[in-house]
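Worksheet: one structure, shown below.
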Amino acid sequence: QDMLDMEVKSQPSRPHWYERHVQPCVAELLGSALFIFLGCLSVVEDSGGTGRLQPALAHGLALGVTVAVLGDI
């Protein structure tokens, strides 16, 4: 009777090696590449009147997009 009353607790399965190792590296690579590319492009394409505002906004928007797109990883 005691055996029937015990609940069997299943161990949560470990994530696949791809999810543990490859996905975080790919997310870091894509996020960094997007962040650097957009930031550098905003500095190169900087018009005279914007000063430091355009690169700052470009970096902020790139970071926001990266977190929104890759945040689940």
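The values are calculated or read from the model by the stated rules, or taken from the named source; none is laboratory data. Fair warning: this is a prediction, and the values are worked out from it, not measured in the lab. What goes into the accessible areas is simple: the full protein's heavy atoms, side chains included, and nothing from ligands, DNA or RNA. Shrake-Rupley method; radii C 1.70, N 1.55, O 1.52, S 1.80 Å.
Within the range 11-18, can one find any residue that is part of a helix (DSSP H, G or I) and modelled with pLDDT of 80 or more?
yes
Listed residues 57, 70, 4; which is modelled with pLDDT under 80, hydrophobic (A, V, I, L, M, F, W, C) and open to solvent by less than 100 Å² (accessible area, probe 1.4 Å)?
Going through 57, 70, 4 in turn, just one is modelled with pLDDT under 80, hydrophobic (A, V, I, L, M, F, W, C) and open to solvent by less than 100 Å² (accessible area, probe 1.4 Å): 70.
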